[in-house]
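One structure is given here, and the rest of the page talks about it.
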Amino acid sequence: MSWFDDLKTPRIRTQVSQRTSKVPEGLWVKCTRCGEILQSKVLKDNLQTCPECAFHFRMSAAERIASLTDEGTFEELSEDWVSTDPLEFNDMKAYKDRLRSSVDNTGLRDAFVLGKAKLQNLPYYLGVFEFKFMGGSMGIVVGEKVAQLFESALQDRLPAVTVAASGGARMQEGILSLMQMAKTAALVSRLRAEGIPYISVLTDPTTGGVAASFAMLGDLILAEPGALIGFAGPRVIEQTIRQSLPPGFQRSEFLLKHGFVDRIVPRKDLAQELRQWMWRLGRQTCNFPADF
């Protein structure tokens with residue numbers, strides 16, 4: 001370990017009007033909420049959460065999986081599935097080019113990663129969104145992967161967990177994308193009928209067709225602090241109804257107050273919380289090892 005690894009991150013704060021220089025890319029990150037300048041390494045070690053104000057930065061799919069699984073236990077499924085261009089869609093950029101760019105930028109084939117894993121030795125199925133892949137949008141492949149997650153959980157009688165970070169249905173696939181809402185919601189109903197627990201974790205942002213389907217149908221709905229959750233964005237709503245929205249509208253805390261989510265869980269506590277709830281909800285119906 002280098003001699004400077006344990007040094008405390010310098011407390012550098014400035015007034016907004018005085019911020020004239022950019023934070024060096026890669027080594028340092030400026031907190032969106034408190035303005036603290038943070039070492040990237042410190043932020044990564046703290047699960048992408050600001051150590052000063054607890055602001056939750058967005059996590060990659062790989063970081064999310066690492067934080068919610070025992071090391072070396074995640075077995076990815078259907079990793080070779082790729083989106084095509086069924087509508088030959090073009091806007092300012094061809095859909096094929098957008099897909100290719102997202103693949104190059106993320107190293108993933110699409111916006112959802114699923115697999116079987118263990119969390120504190122408890123087996124379960126996990127699916128996570130990668131927001132950097134076209135805003136975590138749900139097209140045919142993402143919908144089919146979510147469906148496979150639920151079908152695998154049904155077949156093996158193990159809990160299913162999804163971690164949503166999505167702008168909604170993928171417009172470049174039109175009605176073929178919107179169909180995934182009904183398909184995934186129907187499978188959640190099958191899970192419930194069989195008593196197989198499904199826990200939905202909502203992160204920033206969870207919106208559009210993902211929020212309007214399986215993400216809001218969990219037996220237990222957990223949310224990270226401060227996450228934007230809803231169907232249409234607040235600016236769209238304000239422009240439509242021509243009224244100002246209440247403070248904090250569509251944030252996790254607002255949804256908890258109005259009964260749309262069950263619990264707000266800080267990221268550092270999420271793994272333990274999931275482990276406890278999977279056991280509580282599934283101990284009578286799931287095929288857990290005999291020694292649990």
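FYI, it's all coordinate maths here, none of it is from the lab. Since the structure is predicted, the reported quantities are computational estimates derived from the model, not experimental observations. All Cβ positions, even for glycine, are placed from backbone atoms using ideal geometry, and neighbour counts span all protein chains on display.
Some notes on this structure:
- Among the listed pairs 96/183; 30/132; 118/268; 96/132, those with a Cα-Cα distance over 21 Å are 96/183.
- Packing here is the average count of other Cβ atoms within 10 Å per residue, and on that basis the peptides 259-267, 219-227, highest first, run 219-227, 259-267.
- Kirkwood Rh in Å, taken over all unlike Cα pairs in the chain: 20.3 Å
- Cα centroid of region 269-292 to Cα centroid of region 170-229, whole Å: 21 Å
- Projecting the alpha carbon convex hull of region 156-292 along each direction and taking the average yields 9.7 nm².
- Region 82-186: radius of gyration and largest Cα-Cα distance (Dmax), Å: 14.4, 48
- Cross-link partners of residue 116 among lysines, defined as those whose alpha carbon lies under 17 angstrom from its own and excluding same-chain residues fewer than eight positions apart: 145.
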